[in-house]
Amino acid sequence: MRTSTLIAVASAPLMALAAPIVTERQTSKFCTRITPAPTAEETEARFNEFADQFLVKKDVYKAFEYILPEYINHNPMAQNGAQNALDILAPIWPSQSITVLRTKFEGNQSWLNYRNSMGEIVDRYRWEDGCIIEHWDQGETFPTS
């Protein structure tokens, strides 16, 4: 009986090494609707902060603080929901080489135009209550006016 106890105690560290490593999925604090809704100028300032976090600092966790949890993604290859988008971008975004080409905010929509390893991209966002609620990136063009 002592031999089996001794083997169990001696092999415990080896068993721990063989066990699968479970890591907790990192999440972001997503946007909360602002009531009363911010002015267009305040929303544009929030857009500029989002663009800086997303494209310049490449901090997706901070950038996603401007995105509502129920975010609608119109990319047919992606699922809706801010957490789904974050799960895709978080592992790859910090290592991206990004060149910002231009940005624009008008009405309740904003555009980011940049170049990265995937080519030139135009992202369009719809803002609601100070937060991003919708996103398009398939076939988008930067507005000329």
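Which one of 108, 90, 47 has its Cα pushed farthest toward the positive end of the charge dipole of the stretch 42-108, where Lys and Arg give +1 and Asp and Glu give -1 at the Cβ?
Ranked along the dipole, the leading option is 90.
Within 10 Å of each candidate Cβ there may be at most 12 other Cβ atoms; applying that plus a DSSP loop requirement, which trypsin sites (Lys or Arg not before Pro) in the stretch 33-87 survive? Intermediate values should be presented prior to the final figure.
Numbers: sites: 33, 46, 57, 58, 62; in loops: 33, 57, 58.
Sites meeting the loop and neighbour criteria: 33, 57.
Taking θ = phi - 60°, what integer Hz values does the Karplus form 6.51 cos²θ - 1.76 cosθ + 1.60 yield along the stretch 84-90, in sequence order, with x for Gly and Pro?
Result, ordered by residue: 4, 5, 4, 4, 6, 7, 3 Hz.
What's the percent breakdown of Cα-Cα distances in the stretch 49-145 across 10 Å bins, shortest bin first?
The distribution over the stretch 49-145 is 16, 54, 30, 1, given as percents.
So, with a 1.4 angstrom probe, what is the percent of accessible area on the stretch 47-145 that is carbon and sulfur? Intermediate results must be reported in sequence, preceding the final value.
Working: 2380 of 4880 Å².
Summing carbon and sulfur atoms, their accessible area is 49 percent of the total for the stretch 47-145.
Just reorder 135, 74 by solvent-accessible area, largest first, 1.4 Å probe, all chains present.
Solvent-accessible surface, decreasing: 74, 135.
Mind checking the dipole of the stretch 88-145: about its Cα centre, +1 per Lys or Arg Cβ, -1 per Asp or Glu Cβ, Debye to the nearest 20? Please list the in-between numbers first.
Values: 5 positive and 8 negative charges, 48 e Å.
It comes to approximately 240 debye.
The values are calculated or read from the model by the stated rules, or taken from the named source; none is laboratory data. Worth saying up front: this structure is predicted, and the values here are computed from it rather than measured. Counting neighbours? That spans all protein chains shown, and the Cβs are built from the backbone with ideal geometry, glycine included. Heads up: the accessible areas ignore ligands, DNA and RNA and are worked out on the full protein's heavy atoms, side chains in. Shrake-Rupley method; radii C 1.70, N 1.55, O 1.52, S 1.80 Å.
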